[in-house]
Every structure is written in C-alpha cells, then in structure tokens.
Amino acid sequence: MGEVPPYRFALIDLARAPGAMTAVEELGGRGAAQCLFEGRLEPALRRVAPYIVALDRAPALWSRWMAEGRGDHWGIFLDTAAGMAQARRHVRRFVQVRLADGSGPVLFRLWDPRVMSVVLRHGDAGERGAILRDDMVIALEVEGRPDLMERHDAAGWAYVAATQALAC
C-alpha cells in the first residue's frame, strides 16, 4: 500500500454514539465537524445524524471513541488528500442511492462499519471504486474484533492492523 493521505476524518453515527454529541457540536463550532445531511435539521434528528469530523482537530473524541466506542459501530475512518469540504461532498454522493432494481432513493448508511464492510469486501470494482477515490483509504473495525481495523484502498487492497496503529 502507498503512503497514508494527509487528512484523517471519521464518519461518526451519533445514533450509535449519543454521548459524543457534545464533542461533535463543539467541533462543529470550530469548523471541524459537519453533518452529512443537508439543510436545517430538527434537534431530535441532529442528535442521531451522521457527521464527518476532522480527527486531527478532535483528539478528545478519538480518545473517547477508543475507550467507549470500540465494538459499538460508532463509524468509520477515512484518510484522504482532500480537505473537509471536498471529502464531505464526495461522501454525500452516497448518502442516498438507488437499489439495483431502480427503486429508491434509499438511505445508504456508509458510515456504519457493518454496511461499509460488506460493500468493500463483496462489492464489485465499480462499487468500491465509486466510493474509494484514488487518494482514499477507509478503515473500519473488524466485526467481533474491535482491537483490529480493516484498511481498504481504491486499488482493492485490504489489510488488517491493530486499532492503536491508527492513532491520531
């Protein structure tokens, strides 16, 4: 695998990590977290929405995730050369998708490691390539092994590393 791109983001699901809402709101006020949903959200939806978070500006959230969130499917990690706005724009393209039969759109929970793992392991090259641009690496917990992370890149490479190796 090539070099790790310079930016590390988390796609965090506040429905799975309700205790992280305060940290995400604080980071949002500093421009380090943005909701993946567009528009003005009702407070109840905002508390369970997915967010993209710049992890280099969120060491306390990273520490909390490693202490409390491992094994609870809080989200996935994204390394990319793209900045926050470009990474969010790219990820948002997949928030709603059409099903194979043409129906939809439906919500695609790409921030859920259980969903993303299936796509990255079993999707065809076109599906993986659409999600993973050339400069991206996605890391997510290995199901049942929160101490391990799968890392996937656009070339189709996947490998497993200790969760601690991803520290910010």
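The values are calculated or read from the model by the stated rules, or taken from the named source; none is laboratory data. Owing to the predicted nature of the structure, the values given are computational and were not obtained by experimental measurement. All Cβ positions, glycine included, derive from the backbone under ideal geometry; neighbour counts span all protein chains shown. Remember, those area values only see protein heavy atoms, side chains included, never the ligands or the DNA or RNA. Shrake-Rupley method; radii C 1.70, N 1.55, O 1.52, S 1.80 Å.
Here Arg88 clears all of (1) assigned to a strand (DSSP E or B); (2) open to solvent by less than 70 Å² (accessible area, probe 1.4 Å); (3) in contact (Cβ under 8 Å) with a residue 24 or more places away in the chain except the condition numbered (1). Considering each residue of segment 94-101 in turn, at least one proves to be at pLDDT 90 or above, open to solvent by less than 40 Å² (accessible area, probe 1.4 Å), of a type outside the set (Phe, Trp, Tyr) and in contact with a Phe, Trp or Tyr (Cβ under 7 Å, 6 or more places away or on another chain).
Residue-by-condition table, conditions (1) within 14 Å of Ala60 (Cα to Cα); (2) over 16 Å from the mean Cα position of the chain (by Cα); (3) at pLDDT 90 or above; (4) of a type outside the set (A, V, I, L, M, F, W, C):
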{"site": "Met1", "(1), (2), (3), (4)": "no, yes, no, no"}
{"site": "Asp13", "(1), (2), (3), (4)": "no, no, yes, yes"}
{"site": "Ala23", "(1), (2), (3), (4)": "yes, yes, yes, no"}
{"site": "Glu26", "(1), (2), (3), (4)": "yes, yes, yes, yes"}
{"site": "Leu36", "(1), (2), (3), (4)": "no, no, yes, no"}
{"site": "Arg40", "(1), (2), (3), (4)": "no, yes, yes, yes"}
{"site": "Ala44", "(1), (2), (3), (4)": "no, yes, yes, no"}
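For segment 51-69, the tally of residues that are part of a helix (DSSP H, G or I) and either open to solvent by 10 Å² or more (accessible area, probe 1.4 Å) or acidic (Asp, Glu) (or both) stands at 10. Scanning segment 56-66 for residues that are within 20 Å of Ala130 (Cβ to Cβ), modelled with pLDDT of 90 or more and not aromatic (Phe, Trp, Tyr) turns up nothing. The residue of segment 150-168 that is modelled with the lowest pLDDT, among those that are exposed (fewer than 12 other Cβ atoms within 10 Å of the Cβ) and not hydrophobic (A, V, I, L, M, F, W, C), is Gln164. Only residues that are closer than 15 Å to Val95 by Cα, part of a loop (DSSP other than H, G, I, E, B), open to solvent by less than 70 Å² (accessible area, probe 1.4 Å) and not aromatic (Phe, Trp, Tyr) were counted in segment 107-127, giving 2. Within the group Asp79, Asp72, which residue is within 17 Å of the chain's Cα centre (by Cα), closer than 28 Å to Ala162 by Cβ and either in a loop (DSSP other than H, G, I, E, B) or free of Cβ contacts under 8 Å to residues at least 12 places away in the same chain (or both)? Matching residue, one of Asp79, Asp72: Asp72. For segment 132-149, filtering for residues that are out of contact with any helix residue (DSSP H, G or I) (no Cβ under 7 Å at 6 or more places or on another chain) and either acidic (Asp, Glu) or surrounded by 12 or more Cβ atoms within 10 Å (Cβ to Cβ) (or both) leaves 7. If the Cβ limit is 9 Å and pairs must be 6+ apart or interchain, which residue in segment 13-31 that is closer than 15 Å to Arg88 by Cβ and open to solvent by less than 20 Å² (accessible area, probe 1.4 Å) pairs with which residue that is hydrophobic (A, V, I, L, M, F, W, C) and assigned to a helix (DSSP H, G or I)? Matching pairs, first to second residue: Val24/Leu61; Leu27/Leu61.
The residue pairs whose first member lies in segment 101-116 and is at positive phi, whose second member is not charged (D, E, K, R), and whose beta carbons are closer than 7 Å, counting only pairs six or more residues apart or on different chains, are Gly104/Val97.
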